[in-house]
Amino acid sequence: MGSAFKIGRIIGIDVKVHWTFFLLLLFFGYLGFQNSQSIVGTLVTVLLVLALFVCVLLHEFGHSIVAQRLGLEVPDITLLPIGGVARLKSLPEKPWDEVKIAVAGPLVNVVLAPIFFALAFLVGADLTQVPNLITAQSSPGGALFYLGVINVALVIFNMIPAFPLDGGRVLRGLLATRLGAVRATDISAAIGQALAFGLFLLAILGPNINPVLALIAVFIFFGASGESQMVRQREVTRGLTVADVMGVRRRTETVTPYHNFGQILDLVVHGYQTDFPVVDEEGKLVGMLTRTEIFAAVHSPSQYRSVRDLMLTDFPILSPKADLFADGNRILQEGGLRAVPVCDDGTVTGNLVGMLTVEDIGQARLLRDLRKPR
């Protein structure tokens, strides 16, 4: 996820924090200072927010550990102001696997809540008065009680049967056992978007405008839409390899490190490519020139003398036998790329056989239709 940086690695999973998370800490630190008029009160409020997000992080690790046990790779977990996101490299194929992964997160909070309540009781907290984030700083018991309440709230909110919340994923998994992945996702996403619309109206039309609730509503709406599209794409590309769609497009134009920028610009203007594999005299792949570098150089072409000055030397490579969705589409999406070179052995030492582009991915549906029996 862009604009996030790594703060650690646990059980093979990178833990990242989005930069906007620190704006949240500043905001609640300011509220804490307004309430207490002291540095200590401010620090306690910030520590409470951090403790809350530790609970969120543990929730995401609940999802991630179960996913790993089921053979799925989890590259990272990112903490955002509105929660956490555990990123899976691939979607679970079996509906019941998705149910197991989705339920694991809230189960962590089910375990944490009574622990915090018990600790709050032991230190003499008043369990009849539910504190908020500001009043919880008045005593250790209040802070522990507040964290227990938050964990209960996380369970209730996340188990709402609206996609992409955990409850929505459970619903999708159950529906998928009878309706298939695409139809189940469409129903769950529609429920999630309806919920998001209602939350957004509540956030802006309620007694007080609630920007956090509005942000959560936007996250749910676009999260449901995005994953619905991803599932459709997975079904369309199922069983296809990179080589299957590479044959649909025209041949790949290559350039050498010694081409100058003027020649490259001419190829872009008069050709159909905006991304070019760079090969040496022997035809070996030595670099990749993408539209990003080309368009950036347009504004200052005099700074560059040749392709060698522009090309990327660190780039992904695909094999023709690679799975179109699990490998090809994933690499394009994760890298924010429009094209990836394809070599016969999947390494830079192999022979270049073409490129996989986002347009090729779009051709998958056409190819699937052509392969259907008449």
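Residues are listed down the side, and each one gets a yes or a no for (1) part of a helix (DSSP H, G or I); (2) hydrophobic (A, V, I, L, M, F, W, C); (3) touching a Gly at 6+ places or on another chain (Cβ under 8 Å):
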position	(1), (2), (3)
VAL15	no, yes, yes
PHE22	yes, yes, no
LEU25	yes, yes, no
TYR30	yes, no, no
SER64	yes, no, no
GLU73	no, no, no
THR78	no, no, yes
SER90	no, no, no
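Residues in region 348-367 that are at pLDDT below 80 and either surrounded by fewer than 16 Cβ atoms within 10 Å (Cβ to Cβ) or not assigned by TED's automatic domain parsing to the domain that holds GLN273 (or both): VAL348, THR349, GLY362, ARG365, LEU366. Look at GLY168 and say whether it is in a helix (DSSP H, G or I) and not acidic (Asp, Glu). Yes; evaluated as a whole, the condition is true for this residue.
With respect to the conditions (1) polar (S, T, N, Q); (2) touching a Pro at 6+ places or on another chain (Cβ under 8 Å); (3) modelled with pLDDT of 85 or more, SER319 falls short on a single one, namely (2). Only one entry of LYS6, LYS16 meets the criterion of being in contact (Cβ under 8 Å) with a residue 12 or more places away in the chain and surrounded by fewer than 16 Cβ atoms within 10 Å (Cβ to Cβ), and that entry is LYS6.
Once region 1-57 is narrowed to residues that are of a type in the set (S, T, N, Q) and closer than 12 Å to LEU79 by Cα, the residue that is modelled with the highest pLDDT is THR20. Scanning region 265-292 for residues that are closer than 15 Å to PRO341 by Cβ, outside any loop (DSSP other than H, G, I, E, B) and either free of Cβ contacts under 8 Å to residues at least 40 places away in the same chain or hydrophobic (A, V, I, L, M, F, W, C) (or both) yields PHE276, VAL278, VAL279, LEU285, VAL286, GLY287, MET288, LEU289. Scan region 1-59 for residues that are of a type in the set (Phe, Trp, Tyr) and over 19 Å from the mean Cα position of the chain (by Cα) and the total you get is 5.
ALA86 falls short on exactly one of the conditions (1) touching an Asp or Glu at 6+ places or on another chain (Cβ under 9 Å); (2) in a loop (DSSP other than H, G, I, E, B), and that condition is (2).
Give the residue, chosen from VAL279, VAL340, that is over 30 Å from GLU227 (Cα atoms), at pLDDT 85 or above and either surrounded by 13 or more Cβ atoms within 10 Å (Cβ to Cβ) or not assigned by TED's automatic domain parsing to the domain that holds GLU227 (or both). Checking each option against the conditions leaves just VAL279. Cβ-Cβ distances below 8 Å connect no pair with a first residue in region 97-121 that is not assigned by TED's automatic domain parsing to the domain that holds THR177 and surrounded by fewer than 18 Cβ atoms within 10 Å (Cβ to Cβ), a second residue that is part of a helix (DSSP H, G or I) and at pLDDT 95 or above, and a separation of six or more residues or different chains.
Conditions (1) among the small types (Gly, Ala, Ser); (2) closer than 30 Å to THR177 by Cα; (3) out of contact with any helix residue (DSSP H, G or I) (no Cβ under 6 Å at 6 or more places or on another chain); (4) at pLDDT 90 or above, marked per residue:
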position	(1), (2), (3), (4)
ILE65	no, yes, yes, yes
LEU70	no, yes, no, yes
ILE77	no, yes, no, yes
ALA86	yes, yes, no, no
ALA102	yes, yes, no, yes
GLY105	yes, yes, no, yes
GLN129	no, no, yes, no
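Listed conditions (1) modelled with pLDDT of 80 or more; (2) more than 23 Å from TYR272 (Cβ to Cβ) are all met by ILE331, apart from (2). Every listed requirement among (1) in contact (Cβ under 8 Å) with a residue 60 or more places away in the chain; (2) at positive phi is met by GLY180 save one, (1).
The values are calculated or read from the model by the stated rules, or taken from the named source; none is laboratory data. None of the values given here were measured: they were computed from a predicted structure. Heads up, the Cβs are rebuilt from the backbone with ideal geometry, glycines too, and the neighbour counts pull from every protein chain shown.
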